[in-house]
Structure formats: structure tokens, C-alpha cells
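Take a look at the structure below.
The values are calculated or read from the model by the stated rules, or taken from the named source; none is laboratory data. Everything numeric here is computed off the predicted structure, so don't read it as measured data. Note: ideal-geometry Cβ built from the backbone for every residue, glycine included; neighbour counts use all protein chains shown.
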Amino acid sequence: MAPSYDTLRDEDLDEDDYDMDEVDISDIQEKYQVQLEQGYDTFVVVDGLPEVNEEQKPKLVKFLLKKLNTVGKTREDLIFMPMGEDGKSLRFAFVEYSSPAEAAAAVRQLDLVALDKKHTLRVNKMTDVDRYGREGRIDEEYTPPKIEEFQEKEHLRSFLVDPSGRGRDQLVMYRGETVGVFWNNEKDPPENIVDRQHWTETFVQWSPQGTYLTSVHAQGVQFWGGPSWTRQKRFAHPFVNLVAFSPNENYMVTWSNRPISIPDEGHPSLSLDDDGKNYIIWDIETAKPLRSFASLETPGGPAAPGASEDGKRQKLPWPAFKWSADDKYVARLNPGSSISIYELPSMRLMDKTAVKIEGVVDFDWAPATPAREGIKTYEQLLCFWTPEIGSNPAKVGLMSIPSKEIVRTLNLFSVSDVRLHWQSDAAYLCVKVDRHSKSKKSQATTLEIFRVKEKGVPVEVVDTIKDTVINFAWEPKGDRFVIINTTEPVAATAVPPKTSVAFFCPEKAKGNAIGNFKHLRTLEKKNSNAIYWSPKGRFVVIATVANQQSSDLDFYDLDFEGEKPESDKDLTANLQIMNTADHYGVTDIEWDPSGRFVATWASSWKHSMENGYHLYDFKGEQLLGLEAAPPTLLSKEEQKTIRRNLREYSRIFEVEDAERINSADVAVVEERRRLLDEWLQWRRETEEEVAEEREAMGLPLDPVAELLKAKTAEIAPDQEEQVIEEIMEEVLDESEEIVA
């Protein structure tokens, strides 16, 4: 901290050493110079208006005023619409707002907004128009825009067409300073597609549907794709730290811990309105920013309203902005007070105000738009929870957007914490409630399951679990779930706590109805802390990650086709462990999009011991080391047909695998035969050369035979050569028959 002027005493200054007239403080004056109001900060220029005469002008002004007042306050007398010499308008107008902030909001929210079917507004700040004009960026004479020739772009989903015809997935590996994209070759080493050094400065990330590979740099974010992996998009966010996509890849949010600083010469993508902000929402198609926001807190920690019990501020989770399943809305939590919901692509605050929810701690969008019974118009669903405030109970709410209708609420008491878990099809919402006793010395967990698709959204309570549940995961596209619980305190220690893994599934019910959830099996004395379901459901990996003492991997099948225990006859699952494995130091686990393979890796970002990756098939058999794929193009009926005829398809794949393995074996044999033939040919040529040389020198062709002959003559000179025959008998088969 710099000292204040009070700490400098007069006697500390020597006039002979400090001549104030000679001290150059121009840099300080320039840095802290006060920028005087120019008078145009509240003005905007609205272009793209229809051409009208004096009689039509008042009607156009009133119609335009309705649009302008959606983002701020202005009046008819504050709208100046210039007229030409022919008595017709020049198709633009100057508008004055009550504050610079409202003028900035008009530029941000009204630009490119349709006025009617034929006219689209273009809104700019008056100060920007003046600044660009002074800098010579605007030519006084109109020059028609140059239309560039059409250039065909590469197919961004080319990864779906595997040249080998085996339907392989692509994976990306970042090792050292090199980033590479590969085809997954199962048991064989991955086939390299592209390898580049310094492709990114921090990390790489696939977009949700695998269309783009994201690289992160000090200047911003870049997208790569297509067969040649060329650059597709650029998003200039200085010193960006984190990136998150909307589910359908239409939008992206970037965050930097450094507030944006717009230089005097301007920025290629951002404006002065973005100065001091940390978040930017981008339109991926146009690569243009839609809106920027300042940080409330640093992303990365658990969500909490305001301050914690010890008075320290809590960190907000990442992503700070959450998207609806249809990409039409993005929302942000204002801890303890409200949820701000913005409409896309305009980024206008829905209904011009945040949804006020006193004490709100967390919220989450439904990952799909469920077809609820008795509801004809489907809206997006949003769930939230609030803690106990005074004598008021904790509350979990289900809200329909954009109507803001409260679909269902649930009151809770003695609540320590709540976690919200949506099933992938939004058929269920599990509210994991950690409750404490009156003395707060003991804790138990309750699972409250909202059955969203059923009429009235009934809530089913799963039996109270005496231990602390540290992990919960729904089966994707299914109705089963797994929990991990422990009796020990949960803390980041070298020794993992002893845990239990419990499986739950519905009972069998008549027709298409789903029965109540029942306990299927509990596995005791484990160290597991993570659950990874296959994206297709059925198979699940229970693992111990980020712990140097234990690194177990257990592969389970919940639809095992073997014999079912009598106790599980009425349940919709048949649990069977398929395999166990161990990957020392494993930090991350991920399934491939098809559900055929599981990749585990020990990242050098988290520790420096034995970094590397393993690749397993869905059964847990280790092979060798990922890209998201778009949804299947097959209809549900086609998928059911494939499942019914799976054995026939399996035979085809088994034949292809056998041919591929046989072809690999044949290649090895042919290579060995080629090497043997080369060696035999060399030996024949060498023997011929030696024979010619011995003949030229008068030496015997076979010196070994001559030497043996001489030795024999010395031992028995008069004895003739004898031929000795040796006969050997071998019993090939023997049988004994007893004759009565």
C-alpha cells in the first residue's frame, strides 16, 4: 500500500533536493486526467427507418418511440428526424435518452432489431459516429461494398465419416507442448490425424456436439474444425480463462479474471461498454459479442448466498451462466435475491426485471423439454432452492419459463445443504437434502424425487439414509441411479474415506407406468468417490479418482442377461460386476459418445507422477488412450429394431473384427517370411562366392569333410567304411478292450 500524504512530514523534504518546477509529472496528469462530459453520451443514431413525408412523420415517431422506450426513457420531442429537400425523411433519426447507460443499452439491445417486416434498425452511439468520422474511418463518398466470391467451406461434421468404415471416434490429446487429434483404434495405437505444437496456451476443449475444437490464448478463443483442421472462428477476449457452450452450440460464454481494458485505439470486437467487464456472451455463428457482464465473484467454488458463517465471501460455481435446453434463454444467479433470465439472441432481460426469489442459493435448467401430462404448451423448466430463513422453511421450487408459473414447491426443514440433480430427459428431478439433527451433531440424507412428467408433479421420498451422500448420478436416458455415501467426515485427505455404493431402480408396474424407486444393492467397504454412467445408459463405472492411495475402477452392468436373483424379480434391473481395474493416480474419466469405450487419464495439471492414459471397452477390458458426437440420426423405432436384432449385427461386427485381426496376423507372417527369404538368398550367394574362391586357390570345397576323412584314416587306416542302421519304434496309439 502506498503511504498517504499524512505520513510525509515537512522536515522530510529538502528544498535543495526537490525543485518542483523541474519535476515532470505529465505521465501522472495524463493517467488521472478527468474526462469532461462531451454532451453526446446520451445520444444515439437510429438508422434503417422507412422513408416518410411530413404528414407520416408523427406516426413513425410514435411507432418508433414504443421500441425505444423498451430499454430506456425518451420522449417525442427528443427524437429528431432530418428531412430532405424533397420533403421526405433521410431514413435516420437522432434520439436522446435520459442517461448514458440507457443510450448504451439501446445500442446493445435494439441494434439489428426488426422494426417491421421490411425494415431493421441499426443503432449506434453518437460519440462513436463522431469518433470514427474524425479518425478517417468513414468515407464521405459512398462506395458500394465489395461482394467476395463464394468459397466452399469444409464440412465441420466430417469426423462422422470414418475412412476405415469402422465408425471410430476422434480424440484429442494435449501432451507437453503438442496437441494432437487421433482416430481411436481400440487395441492398436491411435491413428494420428493432425499434430501441432503450441496449438493452445492453456487447454483445449470440444464443443458439446463435437463441431469445434477450442484453443485458448492470451488474445482470446479460436475454433478449429473440418478435415484439414483449419481455423473456423475467432473470439477476441483478452486473457480469457474459461469457456462454456450452450447445449446446441449456438452461443458461448467466456470469462477472464482480469477485467477487460479497451485501449484508446479501440478493440476489433469489443466496445467501450465492455470495459471493466469479465464475462462475454458470444453468438457463435457471427462470432460477435452479444453482451458483457462484470463478475460477482470468482468462478470455481460452491454456491452460497452472501457470506458464510465465518464471514468470508463464497465463490460462485462455473459456469456462472446456465442455458435452457433449447438455447432460447440464459440465466445468471444473483445470490440471495434473484435470478436474471435473458432472452437470446437479443440478450434482453426477460420482462425487463429479474425473477425475485428471496434467499435463492442455486438453480438449474431442465436438460430437456419434458412432455408433462395435461400440459399442451411445453415451456422450459427451471428448479431453484432457498434456505431456511427465520421461521420459514427451506424451499425447492419448479418454475415454468417464460410464464414464470410455479409448477411445484416443496418445503424442507432442518436443512444443511441441497443439491439439484436432473435426469437427462427431465423426466425426474432428484433433490438431495442433507438434514441435521436438532443438536446439529449428526446428519442424514433424504432423496426427494420430483416425477416431472406425471400429472401434478408428485414427489417421492426415498428412505432416509443415515450416512452422508457424497455423490449422486442418474442413468442417462433411464430411470435408475447410483449414490455413494460414507460415515466418515468428508475432507481432502491422502487416505480416501470408507464408502458404500448403493444402486436404486424402479419396481415393475403395469403398462407404461414407472413404479416406485427401490433399493437394489449396496456394496460395502469401498473407497469409491465418483460415478460415470455410459451416455447410452445401462453400464456404469464406479471409481476412486484424485487420490494417490486408491485408484479402483469397477465396471457394472445393470441389465445383465444372466440369471436374476429371486429378490430382484420385481425390480427393473439385474446388477452384475463385469470387471475391475486399477489406474494409479487417475484424475479424470470419460466415456466416448457411443458408450463403447472409457478413457481414464492422470493429468500433469493435477500431479506429476506417472501421467498417462488408459483405454477400456465398456466391459472393463483394458485396450490402450474423445470427441462429442451429435445425436443419433436413427428414429426410436429404428433403434428398437437394432436392439431386437442385435445378435445379427454382432455377427457382422465379429466377422469384421476377425478379418481385421487375421489381416494383421497375415501381415506379420508375410514380413517374417520376407526376412527369411532375404537371409537365405544372402547365404546362397555367400556360399557360392566362397566356393569360387576356394576352387581358384586349389583348396577343397568342403574343408570339414576333408578333415573328418583324414582323422578317420589316422584312427583305422585299413578298416573299410561301415554303414550302421538304427531302427526306432514309436507307439502312436494303444487301446485296451475287455472281451466278456
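Restricting attention to strands (runs of 3 or more DSSP E) lying wholly within segment 319-382, give those where 1 or more residues are aromatic (F, W, Y) and closer than 26 Å to P458 by Cβ.
Details: elements: 321-323, 329-334, 338-343, 362-365.
Counting at least 1 such residues, we get 362-365.
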>> Can you report the number of residues in segment 383-401 which are crowded, with 18+ Cβ neighbours inside 10 Å and in a loop (DSSP other than H, G, I, E, B)?
In response: 1
>> Q205 - would you say it is part of a strand (DSSP E or B) and within 21 Å of S256 (Cα to Cα)?
In response: yes
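Being closer than 24 Å to F203 by Cα, in contact with a strand residue (DSSP E or B) (Cβ under 7 Å, 6 or more places away or on another chain) and not in a loop (DSSP other than H, G, I, E, B) is the requirement here; does H519 meet it?
Values: closer than 24 Å to F203 by Cα: no; in contact with a strand residue (DSSP E or B) (Cβ under 7 Å, 6 or more places away or on another chain): yes; not in a loop (DSSP other than H, G, I, E, B): yes.
For H519, the condition - closer than 24 Å to F203 by Cα, in contact with a strand residue (DSSP E or B) (Cβ under 7 Å, 6 or more places away or on another chain) and not in a loop (DSSP other than H, G, I, E, B) - is not met.
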> What are the pairs, 6+ residues apart or on separate chains, where a residue within segment 388-413 that is of a type in the set (D, E, K, R) has its Cβ under 7 Å from a residue that is part of a loop (DSSP other than H, G, I, E, B)?
Replying inline: R408/V457
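Of all residues in segment 79-92, count the ones that are outside any loop (DSSP other than H, G, I, E, B) and touching a helix residue (DSSP H, G or I) at 6+ places or on another chain (Cβ under 7 Å). Don't jump to the end; show me each part of the working.
Our first condition is that a residue be outside any loop (DSSP other than H, G, I, E, B); within segment 79-92, this holds for 79-80, 83, 88-89, 92.
Those still in the list that are touching a helix residue (DSSP H, G or I) at 6+ places or on another chain (Cβ under 7 Å) too: 79, 89.
Going through segment 79-92 one residue at a time, the tally reaches 2.
Assigned to a loop (DSSP other than H, G, I, E, B) and of a type in the set (A, V, I, L, M), is that true of V253? Let's see the steps before the verdict.
Working: assigned to a loop (DSSP other than H, G, I, E, B): no; of a type in the set (A, V, I, L, M): yes.
No; evaluated as a whole, the condition is false for this residue.
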> Since K404 meets every condition but one in (1) surrounded by fewer than 16 Cβ atoms within 10 Å (Cβ to Cβ); (2) on the phi < 0 side of the Ramachandran plot; (3) not small (G, A, S), which condition does it not meet?
Replying inline: (2)
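Looking at G595, G585, G620, which is the one that is assigned to a loop (DSSP other than H, G, I, E, B), touching a Pro at 6+ places or on another chain (Cβ under 6 Å) and modelled with pLDDT of 80 or more? Give the derivation first.
On the way: G585 fails: touching a Pro at 6+ places or on another chain (Cβ under 6 Å); G620 fails: touching a Pro at 6+ places or on another chain (Cβ under 6 Å).
G595 is the lone residue from the list that is assigned to a loop (DSSP other than H, G, I, E, B), touching a Pro at 6+ places or on another chain (Cβ under 6 Å) and modelled with pLDDT of 80 or more.
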> Within segment 41-69, can you find the residues that are in a strand (DSSP E or B) and loosely packed, with under 13 Cβ neighbours inside 10 Å?
Replying inline: N53
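Go through segment 423-481 and count every residue that is basic (K, R), in a loop (DSSP other than H, G, I, E, B) and modelled with pLDDT under 95.
As a first pass, look at segment 423-481 and keep what is basic (K, R): 432, 435, 438, 440-441, 451, 453, 455, 466, 477, 480.
Checking the rest, the ones that are also in a loop (DSSP other than H, G, I, E, B) come to 438, 440-441, 453, 455, 466, 477, 480.
Cutting the leftovers down to modelled with pLDDT under 95 gives us 438, 440-441, 453, 455, 466, 477.
Residues meeting the conditions: 7.
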